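Here's the structure, in structure tokens; my notes come after.
Bear in mind these aren't lab numbers, they're just calculated from the coordinates by the rules spelled out. Nothing here was measured: the structure is a model prediction, and the numbers come from that model. With ideal geometry, Cβ positions are generated from the backbone for all residues, glycine too; neighbour counts draw on all protein chains shown.
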Number of protein chains: 2
Amino acid sequence: MLDAFEAILVADGERAATMDATARAAGVSKGGLLYHFASKDALEGGLIQRLAGLVDADVEAIVSAPDGPVRYFLRSSVMADDPLDRAIVAVSRLAQGGSDAASRALHEMRQRWVDALSPHVRDTTALDLVLLVSDGLYFNNALGGDAAAPVPTGAALDALIDLVQEASRP
Amino acid sequence: MLDAFEAILVADGERAATMDATARAAGVSKGGLLYHFASKDALEGGLIQRLAGLVDADVEAIVSAPDGPVRYFLRSSVMADDPLDRAIVAVSRLAQGGSDAASRALHEMRQRWVDALSPHVRDTTALDLVLLVSDGLYFNNALGGDAAAPVPTGAALDALIDLVQEASRP
DNA sequence: GTCTATAAAAAGATAGAC
DNA sequence: GTCTATCTTTTTATAGAC
């Protein structure tokens, strides 16, 4: 059910992610959905909690990345349609829809990234650069929708990461 | 009335920006609002049109900036609560809410920026860098809401711009 | 646990008075 | 132009059968 809710948020936006649509996509009735999540707030809370768990694993992966935390972090900022990316986009949809809990969750996530990356960049300016490029990558993917995503991939992404890495190296 | 609609979108998100709330904030009745904008689609269209006009002026300012287009562009990416910034955030709220017209308007805006900045950066990688940092700045401001915005300002912003400018100089 | 039926509220839109 | 009143649809939530 969380999968269905998340998928609708990512594909069609917050407006379309109703209890009704979620139940239908999950293959249950509205009553069935409401048995597991007693309210829409609870459903959103479930998604936010899922994000928090995925962020735990991500931070772990960042700090122990063989190619270095910055490269790994930027590379994973391009939406690969993996569980974390989907959760981030879905929760940011909720945040832009007006959910304070979602905004708080995203800020917490960002703070954990700051803590993980700080030791591996030159200074706070370099840290800002890395985080903002990552945010930009997510933002563009999140806006995507119908139009083609202008986000760099493949060799262009590698070149961009090289550039950022060079500019931010300690 | 567009001002009211925009303000609610920016402050409280797409969910809160109803015809009812917009009418109340604008100091008119729902009927009064519907006289000027016959539907919610029309209201959103009005906002998108406003954005297009502001983008025209912005592109003009970018290409003729005394300090150089890149510096001007990045500096203006930090939400200064000016008309263009408000319009961008409001329309991106609509886009994330599921409006295809809003998504299209944002992509057009981005394309105009690409055209304006291309001659002033080294290559496409540098262009990606500049655009993504700008997107990151907007994204963070747009998420803001209750929590404190972690976006660099003042001296930190100047340092960041210097770094990006150095990395992207032709 | 899952369903149907239904209540209660909110949102978009129309009609017609002034 | 702006208002009130009303209609329709959608959305969230409850109640109770199975």
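Here are a few things to note about the model shown:
- 7 Å along Cα→Cβ, label-point gaps from A:GLY68 to other copies, nm, shortest first: 2.4
- Tilt relative to chain B, helix B:83-97 - C-alpha long axis, 0 to 90 degrees, to 10: 70 degrees
- If only the Cβ of Lys and Arg carry +1 and only the Cβ of Asp and Glu carry -1, the dipole of the stretch A:1-128 around its Cα centre is close to 200 debye.
- Cα-derived Rg over Rh, computed across the protein assembly as shown with Rh taken as Kirkwood radius: 0.97
- Taken along the Cα-to-beta-carbon direction at a fixed 7 Å, the label points for B:GLU60 and A:ASP82 span 4.7 nm.
- Binning the alpha carbon pair distances of the stretch A:31-162 at 5 angstrom intervals from zero yields the distribution 2, 10, 18, 22, 20, 14, 8, 4, 2, 1, 0, expressed in whole percent.
- Projecting 7 Å from Cα along the Cα-to-Cβ direction, the label point of A:GLY154 sits 4.6 nm from its equivalents in the other copies, listed shortest first.
- Neighbour-count order for B:GLU14, B:GLU60, fewest beta carbons within 10 angstrom listed first: B:GLU60, B:GLU14
- The alpha-carbon atoms of the stretch B:88-170 define a convex hull whose volume equals 95 cubic angstrom per residue.
- When both the stretch A:70-90 and the stretch B:27-65 are represented by their alpha-carbon centers, they are found 33 Å apart.
- What the Cβ-Cβ distance of A:ALA42 and B:LEU34 gives, at R0 = 30 Å and to the nearest 0.05, is a FRET efficiency of 0.30.
- Helix axis angle, B:154-168 relative to chain B longest principal axis, alpha carbon, degrees: 60 degrees
- Per residue, the average separation of C-alpha pairs within less than 8 Å and at least 6 apart gives chain B a relative contact order of 24 percent.
- Between copies, the label points at B:ALA101 (set 7 angstrom from Cα along Cα-to-Cβ) are spaced 3.3 nm, reported in nanometres from shortest to longest.
- Sorting A:LEU132, B:LEU2, B:LEU33, A:LEU160 by the number of Cβ atoms found within 10 Å of their own Cβ, with the fewest placed first, yields B:LEU2, B:LEU33, A:LEU160, A:LEU132.
- Cross-link reach is defined here as a Cα-Cα straight distance under 20 Å, omitting same-chain residues fewer than 8 places apart; for A:LYS40 the lysines meeting it are A:LYS30.
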